[in-house]
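This report refers to the structure that appears directly beneath it.
The values are calculated or read from the model by the stated rules, or taken from the named source; none is laboratory data. In this text, all values refer to a predicted model and were calculated from it rather than measured experimentally. Every residue, glycine as well, gets a Cβ built from its backbone with ideal geometry; the counts of neighbours run over all protein chains shown. Accessible surface areas use protein heavy atoms only, side chains included; no ligands, DNA or RNA. Shrake-Rupley method; radii C 1.70, N 1.55, O 1.52, S 1.80 Å.
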Amino acid sequence: MGTYKEFHKRSITQREAFWNEQAALVDWHKPFAKVLDYSRPPFARWFVGGETNLCHNAIDRHLAERGGQQALVYISTETGQQTSYTFRELHAEVNRCAAMIRAQGVAKGDRVLIYMPMIPEAVFAMLACARLGAIHSVVFGGFASHSLAARIDDARPKLMMTADGGMRGGKSILYKPLVDAAVRLAQYPPHKVIIFNRGLDPAMAIISGRDLDYAALREQHMDAQVPVTWLESNEPSYILYTSGTTGQPKGVQRDTGGYAVALAASMKHIYCGQPGEAMFTTSDIGWVVGHSYIVYGPLIYGMTTVMYEGLPIRPDAGIWWKIVADNKVTVMFSSPTAARVLKKQDPAYLKKYDLSSLRHLFLAGEPLDEPTHRWIADALGKPVIDHYWQTETGWPILSAVLGVEQTPLKFGTPSFPVYGYDLQLLRESDAGEAGANEKGVVAIVPPLPPGCMTTVWGDDERFVQTYFTGFRDKLVYSTFDWGIRDAEGYHFILGRTDDVINVAGHRLGTREIEEAVQAHSNIAEVAVVGVADALKGQMPLAFAVVKDSAMIATPQLKAAHEKEVMDTVDRQIGAIARPSRVHFVTLLPKTRSGKLLRRSIQALAEGRDPGDLTTIEDPSALDQIRAALATR
Ligand code: ATP
Ligand code: MG
């Protein structure tokens, strides 16, 4: 093992040699002629001329050596169902599914929209599309019909695959009526809809001639053997929309070969997995984390993937750790939001099960505040790795790369730029590189490494305009996040560039103020937004969830507590960052993927419409914000 610094440097200065080596981690049907074609900046083409297939790499290539090993373990605490599939069994299911998709006239390059809950059939459908060279567009189950219709019209799928419904917290959410409404709304609807019937909706309406039953089709294709369709490395594997936190979801297009290589390399160097071990990622297949680290990453690397449908605290807050113990999980991946949910529960649950198999817990998706990072690492007694990435990149941008060097972990930071990323922090004023402890926009000097988005689906111009025009005279990819680097090279994400509050000419990141509020020991979670102020331009306003509600039980206690929290901010940052109010709520509005909907809170605080709320986790959170605002 060399030093990580050298490893990273080589990935930038000897880019082609570096990625040529990593490419050996996957199977190629035809070897590539060129590692990188960067003749048309900022469009990068990786492993040009090489032919491969994601499904082959995820399943077929493992059959000889590990056909009898578990590939997919499925656990649902919603239905009580628990099943598992060996690589051989997964191979059979995916072939059946590929045959039924092919029978609908779907061929290479055609789109298939997958709108499914967390069930094994969703994984079969994704892998079956990959097998056929069809492009999947997985839409998170729960998006309302107009959002779904917009995604149908963007991808123009030949086929849609769905289920009668999903389940959450013991309640079923019917998908089929949403699908029917979306198909009616869409301008370019699919001709066929395959429905996996879970028996959640006895009254489900079937549209004859269009709707097909998954189980019935499967019966017709029990012995199907569908040959893999080899794709040139740069042919698209899928389309996936960003989470829409900023209200502008973008259709990320991903290639095939570069993605396979990037995932395989990340499994080895970042996640430190071993073929034959189990990985448990708590996300949803509808998000990028689900694509990369529930489905493709672990399977490509020959690991067992554990798929879970259910809440982290049902039947109790020990469920995830029971899953880890039962399946000897070595690599776990979750989110800061989930860690904060657990923080509100009895910590004894984290000690109840044998977690000796677990090596690391990885968290991503949102800023991980230092107290939560420290809390979960202590409670688990395991290294907890904060890492930072985006739907656009498909795999981490900032992380400790412990498979290369055991660099010390620091709380509150996602450590270093990951190999392959020529990352810079750029001053907004003159696009110059920020020095140590100076804030800058997190930017990546192109070419983007393998696995990253290749373009916006169907819109090269939007790709360039959206991501590469932030700095005049400098072609860089902007992440739209602020970052800062300390003297030792550790990076900190300070929030989104559009989440900046301007108080009397001082630019403050909402994240910085949130960290300061969270420094108060009774605060579990907080959202800070900037609200227009006639005098100061903007003022920070905080909405906080407390750990011990006894401390705000009476109006007097509440007022005293509010002042105490404000004083904490004064001490941490300075009076300039002091929120005009700290409202106490029991719940914050978040997307289903756990991201704070700051733009909606801000809109309400400024008396505007909260905007598109189709991905909101619990709409009652906004009622609490409204109620709090009314007390001003
Ligand atoms: P949209 O781009 O549609 O507005 P989104 O940015 O929330 O939505 P994602 O691609 O799911 O969509 O999220 C990526 C963003 O999440 C990052 O740009 C960053 O703001 C945040 N993020 C992810 N991981 C971390 C992390 N470890 N620390 C801080 N922020 C993170
Ligand atoms: Mg984004």
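Looking at the stretch 555-632, the accessible area is 47 square angstrom per residue; that uses a 1.4 Å probe and ignores ligands, DNA and RNA. Sorting 508-519, 102-113 by average packing, meaning the other beta carbons within 10 Å per residue, from highest down gives 508-519, 102-113. Once C-alpha pairs closer than 8 Å and six or more residues apart are averaged by separation and normalised to the residue number of the chain, the relative contact order reads 11 percent. Over the residues of the chain, the helix contribution to mean residue ellipticity at 222 nm works out to -8500 deg cm²/dmol, using -39500 (n - 2.57) for each DSSP H run of at least 4. Short-range pairs are left out: with C-alpha atoms under 8 Å and at least six residues apart, the relative contact order of the stretch 407-555 is 17 percent. Once Rh for the stretch 466-523 is found with the Kirkwood sum over Cα pairs, what is the Stokes-Einstein diffusion coefficient at 25 °C and 0.890 mPa s, in µm²/s? Translational diffusion coefficient: 183 µm²/s.
Nonpolar atom fraction for the chain, defined as the carbon and sulfur part of the 1.4 Å probe accessible area, stands at 51 percent.
Rolling a 1.4 Å probe across the protein heavy atoms gives the stretch 384-523 an accessible surface of 34 Å² per residue. Rolling a 1.4 Å probe across the protein heavy atoms gives the stretch 127-286 an accessible surface of 34 Å² per residue.
Among 332-342, 35-45, 132-142, 405-415, sorting by the average number of other beta carbon atoms lying within 10 angstrom of each residue, highest first, gives 132-142, 332-342, 405-415, 35-45. Within a straight-line Cα-Cα reach of under 16 Å, Lys536 can be paired with the following aspartates and glutamates, leaving aside sequence neighbours fewer than 8 residues apart in one chain: Glu606.
Size descriptors for the chain: radius of gyration and Dmax over Cα atoms are 24.0, 73 Å.
Highest mean first, the peptides 72-84, 588-600 sorted by other C-beta atoms within 10 Å per residue fall in the order 588-600, 72-84. For the residue pairs Lys351/Lys558; Lys344/Lys382; Lys268/Lys474; Lys343/Lys410, alpha carbon separations beyond 29 Å are given by Lys351/Lys558; Lys268/Lys474.
Note on the stretch 1-58: dipole from Cβ charges, positive end direction compared against Phe32, Asn57, Trp46; the farthest Cα belongs to Trp46. Taking a straight line from the alpha carbon of Lys171, these lysines sit under 20 Å away, with near neighbours fewer than eight places off in the same chain left out: Lys590.
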